[in-house]
1. Can you report the number of residues in segment 108-130 which are open to solvent by 20 Å² or more (accessible area, probe 1.4 Å) and either within 25 Å of SER310 (Cα to Cα) or part of a loop (DSSP other than H, G, I, E, B) (or both)?
2. From the set of residues in segment 280-327 that are over 23 Å from the mean Cα position of the chain (by Cα) and of a type in the set (Val, Ile, Thr), which is least open to solvent (accessible area, probe 1.4 Å)?
3. So, ARG202, is that one more than 12 Å from the chain's Cα centre (by Cα), basic (Lys, Arg) and within 20 Å of ASP28 (Cα to Cα) or not?
4. Name the pairs whose Cβ atoms lie under 6 Å apart, with the first residue in segment 239-265 and within 12 Å of GLY282 (Cα to Cα), the second in a loop (DSSP other than H, G, I, E, B) and open to solvent by less than 30 Å² (accessible area, probe 1.4 Å), and 6 or more positions between them or separate chains?
5. Mind checking which strands (runs of 3 or more DSSP E) fall wholly inside segment 226-327 and carry at least 1 residues that are touching a Lys or Arg at 6+ places or on another chain (Cβ under 6 Å), at pLDDT 95 or above and among the hydroxyl-bearing types (Ser, Thr, Tyr)?
6. Which ones in segment 99-150 are polar (S, T, N, Q) and in contact with a strand residue (DSSP E or B) (Cβ under 9 Å, 6 or more places away or on another chain)?
7. Just a yes or no: is a residue in segment 87-107 of a type in the set (Phe, Trp, Tyr), closer than 15 Å to GLY152 by Cβ and open to solvent by 10 Å² or more (accessible area, probe 1.4 Å)?
8. For segment 121-135, enumerate the residues that are closer than 19 Å to LEU37 by Cα and among the hydrophobic types (A, V, I, L, M, F, W, C).
Amino acid sequence: MSPPDSGPTDAGERRLIEVEEAVSDRLDRLLSERLALSRTRAARLIADGRVTVNDRVTRKRYLPRAGDRIEVELPPATPTRLEPEAIPVRIRYEDEHLAVVEKPAGLVVHPAPGHPRGTLVNALLFHLDRLSDIGGDRRPGIVHRLDRDTSGLMVVAKRDEAYRELSAGLRRREIERGYLAAAWGHLQEERFTVDRPIGRDRQHRKRMAIREDGRPAITHFKRLERWNAADLVAVRLGTGRTHQVRVHLRSVGHPVVADPVYAAGWERGFGGAGGRWAEAFGRRAGRLFLHAAKLAFSHPVTGERLSFSSSLPSPLLEAVEWARSTS
């Protein structure tokens, strides 16, 4: 597929995608990937008649074919109506194009139903002088996300050019993202890769699951330490699906410690001394044991390679020290 052309118009901006070979994604997913849009915004553009395929309006479920000419009209970005909030967020790096921040656990990344305020976006609007509007009025600057209960490093875009380049780098897997996780039980191999597609769980719509018709998902794991009833694991993402690390570890029988969605009550299954250790360790962790510890990417404007690391926050670090002393 050729890269999209663009040009400003009075209505905003027009983008062109020429499909050179058959693709497996339907139209809304393709637009989301190629134009760095949220799936919701891509679907809205299609529903509003702002997307044509071969000069005809179509549905979001349309499967593009080789030779299709897709034209997209992007309306001018509307200024965000979100309120800045003085929520503490550590800013690790900032220039006129982007910022790298450390999201604390428990903080939702962007406003959504049920969380209209008190999000990372509200905090960024307070701490930074600007954010790119491409992500939409509820997700300004957000290039990639972390789960609410996951802490760690994120890059956010302050300018539209940076947003486009970072999003393209993410699709090309040029942004390196590494995590530290504690997994229940003992992994059978020191190093392994899970390559299993992920989609929405059919029975529990707030959960994700391994599904043959899901989106491709690849995660690389390396055991760092072995404790009484859990392992410390380094994680490297090959793709970036919702709940990817959590679902993949659960799929191999070793879910993330203190995961309230995919491992509720898991520690009680060990029994005996191992069970008592596991329950004590889970209490000490006190939260999902998943931390975005590494982030590396090429600067979207200068090309300079930027690399960041983040140590485990308390109480995760304290839980690790206890685990080492009792294993």
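1. The first filter runs over segment 108-130 and keeps only residues open to solvent by 20 Å² or more (accessible area, probe 1.4 Å), leaving 108, 110, 112-118, 125-127, 129-130.
From the residues that got through so far, the ones that are either within 25 Å of SER310 (Cα to Cα) or part of a loop (DSSP other than H, G, I, E, B) (or both) too are 108, 110, 113-114, 116-118, 125-127, 129-130.
Going through segment 108-130 one residue at a time, the tally reaches 12.
2. Per the stated criteria, the residue is VAL320.
3. Numbers: more than 12 Å from the chain's Cα centre (by Cα): yes; basic (Lys, Arg): yes; within 20 Å of ASP28 (Cα to Cα): no.
Against the criterion (more than 12 Å from the chain's Cα centre (by Cα), basic (Lys, Arg) and within 20 Å of ASP28 (Cα to Cα)), ARG202 does not qualify.
4. If the second residue must be in a loop (DSSP other than H, G, I, E, B) and open to solvent by less than 30 Å² (accessible area, probe 1.4 Å), the pairs left are VAL256/PHE289; VAL257/PHE289; ALA258/LEU288; ALA258/PHE289; ASP259/LEU288; ALA263/PRO255.
5. Working: elements: 230-237, 290-298, 305-309.
Answer list for segment 226-327: 290-298, 305-309.
6. Start the filter on segment 99-150 by keeping residues that are polar (S, T, N, Q), which leaves 119, 122, 132, 150.
Passing the criteria: THR119, SER132, THR150.
7. Going residue by residue through segment 87-107, those that are of a type in the set (Phe, Trp, Tyr) are 93.
With the extra rule that they be closer than 15 Å to GLY152 by Cβ, the set shrinks to 93.
From what is left, the residues that are open to solvent by 10 Å² or more (accessible area, probe 1.4 Å) are 93.
Yes, segment 87-107 contains a residue that is of a type in the set (Phe, Trp, Tyr), closer than 15 Å to GLY152 by Cβ and open to solvent by 10 Å² or more (accessible area, probe 1.4 Å).
8. VAL121, LEU131, ILE134
The values are calculated or read from the model by the stated rules, or taken from the named source; none is laboratory data. Quick caveat, the model's predicted, so the values are computed rather than measured. Positions of Cβ are generated from backbone atoms using ideal geometry, with glycine treated the same way; all protein chains shown enter the neighbour counts. Ligands, DNA and RNA are excluded from the accessible area calculation, which covers all protein heavy atoms including side chains. Shrake-Rupley method; radii C 1.70, N 1.55, O 1.52, S 1.80 Å.
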